[in-house]
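Structure, as structure tokens:
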Amino acid sequence: MKADIQERAARIKLLLMDCDGVLTDGRIWLFADGEEQKGFHTRDGLGIDLLHRAGLRSGIISGRTSRAVETRARGLGMSFVVQGHENKVQAFADVLAKAGVVNAEVAFIGDDLNDIPLMTQSGLGVAVADAALETREHAHYVTKAPGGFGAVREVIELILKSQGRWDDLIKSFFNAD
């Protein structure tokens, strides 16, 4: 891995992401009553828990609105959940102000064209493996895992390992005491 990526990851205090195509595989199942269903990967969830245990915060900025996203984000203890914002750039600026962090201290994970402005403003702009070509071209880092299949966990491991926190955080999983 490039030293530049590790240096960027070492500065991160806040991990933000799009939801559809990042925390999910991008597919949305719509039911006749208007409800929708999404699938989330449990390894991403445990990764977010580890991120929080390390004292870092997380959040979602999504142009769409979904009760499933709200439920998952709250269940994971995410600090920031912004949905239904067509102007994601303004939502991003608002979240950074509320979080008290600067751009260099933020990682943003995206998968499509409307995520590029947030990725390029972030200290660590990440595209998932199956992101749109242009999105991958604007990323500092492209995950090996596709969206919805552990890409968020991969980024969290990168951040926590770059900060020297990963080994201490996972020790509890190896002790059966």
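For this structure, a couple of remarks:
- Using Cβ point charges alone (K and R +1, D and E -1), the dipole size of the chain about the Cα centre works out to roughly 500 debye.
- Annotation for the stretch 1-97: trypsin sites (Lys or Arg not before Pro) lying in DSSP loop with at most 14 further Cβ atoms inside 10 Å of their Cβ are Lys2, Arg27, Arg64.
- Per-residue ³J(HN,Hα) for the stretch 33-42, Karplus 6.51 cos²θ - 1.76 cosθ + 1.60, θ = phi - 60°, Hz, x for Gly and Pro: 7, x, 5, 10, 10, 9, x, 10, 8, 5
- For Rg and Dmax of the Cα atoms in Å, the value computed from the atomic coordinates appears in the list (i) 15.0, 44; (ii) 15.4, 50; (iii) 15.7, 46 under label (ii).
- Interchain or long-range residues, amide H under 5 Å from Asp25's placed H: Gly39
- Set Lys38/Lys98; Lys88/Lys171; Lys2/Lys171 screened for pairs whose C-alpha atoms are more than 30 Å apart: Lys88/Lys171
- Highest average first, the peptides 93-106, 134-147 ordered by how many other beta carbon atoms sit within 10 Å of their residues are 134-147, 93-106.
- Under the simplified labelling scheme, the Asn114-Glu36 pair shows an inter-label distance of 1.0 nm, with each label point 7 Å from Cα along Cα→Cβ.
- Taking the square roots of five times each eigenvalue of the Cα gyration tensor of the stretch 1-61, the equivalent ellipsoid has semi-axes of 30, 13, 10 Å, listed largest first.
- The Cα-based radius of gyration of the stretch 109-149, divided by its Kirkwood radius, gives an Rg/Rh of 0.91.
- The residue list Leu14, Gly59, Ala3 was ranked by how far each Cα lies along the charge dipole of the stretch 1-66 toward its positive end, using unit charges on Cβ atoms, and Ala3 comes out on top.
- Based on protein heavy atoms only, the chain ends up with 49 Å² per residue of surface accessible to a 1.4 Å probe.
- With only the Cα atoms considered, the stretch 52-96 has a convex hull volume of 53 Å³ per residue.
- Qualifying aspartates and glutamates (Cα of each under 18 Å from Cα of Lys161; at least 8 residues distant if same chain): Asp4, Glu7, Asp44, Asp49, Glu105
- Förster radius 41 Å - calculated FRET efficiency between Ala93 and Glu7 (Cβ-Cβ, nearest 0.05): 0.95
The values are calculated or read from the model by the stated rules, or taken from the named source; none is laboratory data. Because the structure is predicted, anything quoted here is derived from the model rather than measured. Every residue, glycine among them, receives a Cβ derived from its backbone with ideal geometry; neighbour counts consider all protein chains shown. With ligands, DNA and RNA removed, areas are computed over all heavy atoms of the protein, side chains included. Shrake-Rupley method; radii C 1.70, N 1.55, O 1.52, S 1.80 Å.
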